[in-house]
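Let me begin by presenting the structure, written as structure tokens, before commenting on it.
The values are calculated or read from the model by the stated rules, or taken from the named source; none is laboratory data. All figures in this text were calculated on a predicted structure; none of them were measured in a lab. Don't worry about glycine lacking a Cβ; one is built from the backbone with ideal geometry, like all the others, and counts go over all protein chains shown. Quick note on the areas: whole protein, heavy atoms, side chains included, nothing else; ligands and nucleic acids left out. Shrake-Rupley method; radii C 1.70, N 1.55, O 1.52, S 1.80 Å.
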Amino acid sequence: MISTSTKRISLALPISGLMLATAMVWPAVAQDQNEFPGRRIGGGTRGGCVINAAGVIAINPENNLGVTQREAPTLYFAVPATAEPYQVTFYLETEDAEPLYETTVAAGDKAELIGVQLPADTLTAGEYYPWSFAANCDETNPATAIVVNGWLQQTALDSEAIAEAESPLAQVQAYQAAGLWSDAIALTAELLAANPDCEEYQAQWSALLEALGLEQAIDAPMSVRLPM
């Protein structure tokens, strides 16, 4: 729970048997400030990493907090193409730094959106969960990984507008209006995956990126890889 003091959380990312640690400081009044510590766009590369760091992007709100109504929510990340494949690792913890979920998948064949779905019943409504997503430049040297991170919250919000939405696009817009950004992002990605040439879905994706402040980071619809 949120206290009156600042809590320091260490996110440990196991990568090929090694540990990559990133520290996040969570202001106790973050929910009032509407800001959570995190990074949506990868920073500079180190150690000769062949991955374009700016191409590693968390599709997440500017305040770094995604909110979901789903029991098994999906988060989306943009990754760049490279000459050789690389691995990306997603890691979720409780706010008390207890590990909850980890998955690693291959990337690099093409620039794409990768969906990471959490198992059902992983989250407790109202709690805040820090996550990290790391693109691994060198499996033997975790310090070279490109890391983006943020937060996720599940809510039991009951929205009449969402329930009454008459089309998938109307549902996306209802999610946005309700502040359920993780669900708006996931549904838009799912629509694009099902029909990537649909101009309405492409326009919705562009509008969503603009609302998130990511229109300059991602300039076109990308191939979507749905969770397995």
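The table below lists the values:
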item: HN-Hα J in Hz across the stretch 109-126 - Karplus 6.51, -1.76, 1.60, θ = phi - 60°, x for Gly and Pro; result: 5, 7, 6, 7, 9, 10, x, 10, 9, 7, x, 4, 6, 6, 9, 10, 4, x
item: Two-site FRET efficiency, Ala207 against Met228, from Cβ-Cβ distance with R₀ of 30 Å, rounded to 0.05; result: 0.60
item: Cα→Cβ-extended label distance, 7 Å offset, between Asn52 and Asp96, nm; result: 4.3 nm
item: Distance (nanometres) between label positions extended 7 Å along Cα→Cβ at Thr122 and Ala161; result: 2.8 nm
item: Portion, in percent, of the accessible area of the stretch 41-221 that falls on carbon or sulfur, probe 1.4 Å; result: 45 percent
item: Computed lengthening from Asn63 to Ala106, 0.36 nm per intervening residue step minus Cα-Cα distance; result: 12.7 nm
item: Cα-based Rg / Dmax (Å) for the stretch 107-146; result: 14.3, 38
item: Whole-angstrom gap from the stretch 106-137 to the stretch 145-209, using each part's C-alpha centre; result: 16 Å
item: The stretch 41-221 - Debye-derived log10 I(q)/I(0), Cα point model, q = 0.08, 0.11 Å⁻¹; result: -0.25, -0.47
